[in-house]
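Worksheet for the structure shown next.
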Amino acid sequence: MRVIAPWHVSDAVAAAPALVRKPEGLPCHLFLVWQAETTDARSAAHRFTEKLPRLTAAQRDEVIRVCTADRLDASRNSIRHLAERSRAMQREYVARYGTLRARLLGWSLAATVGAVLVQHLLLGP
């Protein structure tokens, strides 16, 4: 299994989940987060195989590959879930903000009309 070095950004972008990839490339902070997750997944897989001393080198490599892929799939699914929840919360926020803005405009308009009426009644035409 090939380790992606930080200077191979195009390789890292290809390995990153499509969710965090942008057409112009992976943003730096997401690249670093995904690199850390990839490193952690590989480290966990290596630690797991150390507990299985009877594995051959080929079996060990296969277990590391499968364990890493499983963890990265789980991470990818978590990221997707978080992104979906974030979009849902953003839609909710935009809807609430629109409602509050309309309500504020209505109250401002009512207060202005009320002030004009009071001024007109107290001071006359």
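Annotations for the structure displayed:
- Pick from the stretch 75-109, criterion among the aliphatic types (A, V, I, L, M) and more than 30 Å from residue 40 (Cα to Cα), ranking: farthest from the chain's Cα centre (by Cα): 109
- Condition check for residue 68: in contact with a helix residue (DSSP H, G or I) (Cβ under 9 Å, 6 or more places away or on another chain), surrounded by 14 or more Cβ atoms within 10 Å (Cβ to Cβ) and in contact (Cβ under 8 Å) with a residue 40 or more places away in the chain: yes
- Checked against the criterion of being under 18 Å from the mean Cα position of the chain (by Cα) and at pLDDT below 95, the stretch 37-55 has at least one qualifying residue.
- Residue 95 assigned to a helix (DSSP H, G or I), at pLDDT 95 or above and either loosely packed, with under 12 Cβ neighbours inside 10 Å or of a type in the set (Lys, Arg) (or both): no
The values are calculated or read from the model by the stated rules, or taken from the named source; none is laboratory data. All figures in this text were calculated on a predicted structure; none of them were measured in a lab. Note: ideal-geometry Cβ built from the backbone for every residue, glycine included; neighbour counts use all protein chains shown.
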